[in-house]
Each structure stands twice: as structure tokens, then as C-alpha cells.
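Take a look at the structure below.
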Amino acid sequence: KAGVTQTPRYLIKTRGQQVTLSCSPISGHRSVSWYQQTPGQGLQFLFEYFSETQRNKGNFPGRFSGRQFSNSRSEMNVSTLELGDSALYLCASSVTGAEDEKLFFGSGTQLSVL
Amino acid sequence: AQSVSQHNHHVILSEAASLELGCNYSYGGTVNLFWYVQYPGQHLQLLLKYFSGDPLVKGIKGFEAEFIKSKFSFNLRKPSVQWSDTAEYFCAVGYNTDKLIFGTGTRLQVFP
């Protein structure tokens, strides 16, 4: 079974630009969560999608948005990029998103904002 | 606000030394507790988890963690570390229906 796939692996953007990251969950997994990982803040929850609906949302500004398609693939969009958005963005999937389910993480997309 | 604290940001050990990484969380009723590990160049993997029952949880690769409810702690331990344990370790807590809240991580370096 293929794992969680995130593309691209690396991105370099400049301030003010926008970016779209993609995540393909494990086959059969319908819940997709997004996390931001920075050295200073650790892992912070962005949002979770289940059956094409945003079910949970973390404490990030509206510049961060996402969506999920009928095949459970998810995209995350960040508009008007700021230097502080430089981070590793991780996607995780699970079958239903229940808290006691194991999360399977992708390798992440490393975003650098110059 | 609910939070998770990992007080050890960077730990350096020699092989065969014992390891204990601290994790404390803010009170929030019933919680589920997790430790994740990220080896260099790899993605996050689940080490162990606690939902209920025996507060001493055994995980993969000889790791264990003890849930102490009175101290709101879930410390990770390993009696004898190996060079291959060099990684970043994240404690995570699930509060009711909220998504997981992660600590800032502890970077472990093990020298032969």
C-alpha cells in the first residue's frame, strides 16, 4: 500500500506570492490533516478535512486555506506569503480521523519564502 | 488554551545511556497521548500511544512511556539508547474531539 504522498518536496517562493501544496492520502483513508512544522513552534495543526468538508481548524490566519476532493486528495493554499510562512508542511491521513486512530504522515513539503 | 510542553529541546547522550524525555500537558479532561518520532530525512512515525488501561505503555524499538495523571505527564523512556535513536521526538495530546496538539519536539543526538 502506498503511503501518504506530498508534492512538491521543495518550494521556493517570494513574499506576496501564493502557493498550493498537494497531499494524496493512503488509499481508503478519508481524513486528511495538515500541520506546519517549524523549529521554534514544533508541529502546529492547520486544519482537517473529511469527505470534502473542513471538520476542524487550527489557529492560523485566513491566508491559509484548503480543500479536499472526492478522491480524498487534499490541497492546501497559502496566499500573500510572508517570511514567517517558511516551514515544513506535513500532511497526515487516517481512515476516519477519529482521535484514537493512528496518523500516517507524508514526508512533507519544505516551503522557503524569500 | 490547551498546550503541550516538552522542556528538553536538545538532548545529547552516549550509546547505552538511559533516556527520559519529558512531556507535560495542560488539563483538559480525558486525553489520548502519543509519542511520534522523526528520523533524519524521514517522515513522522508513531512510537507509542496511550488511551486507557495500564499507564505504562510499551512502544516500538524498546521505548516506553508512563502516563501519570496527577502530574499531567507522559514521559518517554528507553533504558539504553543506540546511535540509531538519533531523531526528533514529538509528544502529542488529543483533547476530546480536538485534533492533536503537538509539543515543540526534542532533538536527540546519540554518539557512539
| Just a yes or no: is a residue in segment B:34-51 in contact with a Leu (Cβ under 7 Å, 6 or more places away or on another chain), touching a residue at least 12 places away in the same chain (Cβ under 8 Å), charged (D, E, K, R) and on the phi < 0 side of the Ramachandran plot? | yes
| task | Identify all residues within segment A:68-101 that are surrounded by fewer than 17 Cβ atoms within 10 Å (Cβ to Cβ), in a loop (DSSP other than H, G, I, E, B) and touching a Gly at 6+ places or on another chain (Cβ under 7 Å); write none if there are none. | result | A:Thr80, A:Val95
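This table checks each residue for (1) in a strand (DSSP E or B); (2) of a type in the set (Gly, Ala, Ser); (3) within 14 Å of chain A (Cβ to nearest Cβ).
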{"site": "B:Phe34", "(1), (2), (3)": "yes, no, yes"}
{"site": "B:Pro40", "(1), (2), (3)": "no, no, yes"}
{"site": "B:Leu48", "(1), (2), (3)": "yes, no, yes"}
{"site": "B:Gly53", "(1), (2), (3)": "no, yes, yes"}
{"site": "B:Ser80", "(1), (2), (3)": "no, yes, no"}
{"site": "B:Ser84", "(1), (2), (3)": "no, yes, no"}
{"site": "B:Tyr89", "(1), (2), (3)": "yes, no, yes"}
| Members of segment A:102-114 found to be of a type outside the set (A, V, I, L, M, F, W, C) and open to solvent by 40 Å² or more (accessible area, probe 1.4 Å), listed by number | A:Lys102, A:Ser107, A:Gln110, A:Ser112
| request: Go through segment B:74-95 and give me each residue that's open to solvent by 10 Å² or more (accessible area, probe 1.4 Å) and within 13 Å of the chain's Cα centre (by Cα). | output: B:Asn75, B:Arg77, B:Lys78, B:Glu88
| remark: Per the filter on segment B:1-34, residues among the hydrophobic types (A, V, I, L, M, F, W, C), open to solvent by less than 50 Å² (accessible area, probe 1.4 Å) and modelled with pLDDT of 95 or more are B:Val11, B:Leu13, B:Ala17, B:Leu19, B:Leu21, B:Cys23
| task | From B:Gly62, B:Gly94, B:Gly103, B:Gly28, grab the single residue that is small (Gly, Ala, Ser), in contact with a strand residue (DSSP E or B) (Cβ under 6 Å, 6 or more places away or on another chain) and more than 14 Å from chain A (Cβ to nearest Cβ). | result | B:Gly62
| said: Please go through (1) within 27 Å of A:Phe50 (Cβ to Cβ); (2) assigned to a strand (DSSP E or B) for B:Phe67 and return the number of the only condition it doesn't satisfy. | reply: (1)
| request: Given the conditions (1) touching a helix residue (DSSP H, G or I) at 6+ places or on another chain (Cβ under 8 Å); (2) closer than 23 Å to B:Gln6 by Cα, report the number of the one that A:Val78 does not fulfil. | output: (2)
| query | For segment A:26-67, what are the residues that are within 19 Å of A:Leu81 (Cβ to Cβ), of a type outside the set (S, T, N, Q), within 12 Å of chain B (Cβ to nearest Cβ) and assigned to a strand (DSSP E or B)? | reply | A:Trp34, A:Tyr35, A:Leu46, A:Phe47
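The values are calculated or read from the model by the stated rules, or taken from the named source; none is laboratory data. Remember, it's a predicted structure, so these values are computed and weren't measured experimentally. Glycine also receives a Cβ, built like all others from the backbone with ideal geometry; neighbour counts cover every protein chain displayed. These accessible areas exclude ligands, DNA and RNA; they are computed on the full protein's heavy atoms, side chains included. Shrake-Rupley method; radii C 1.70, N 1.55, O 1.52, S 1.80 Å.
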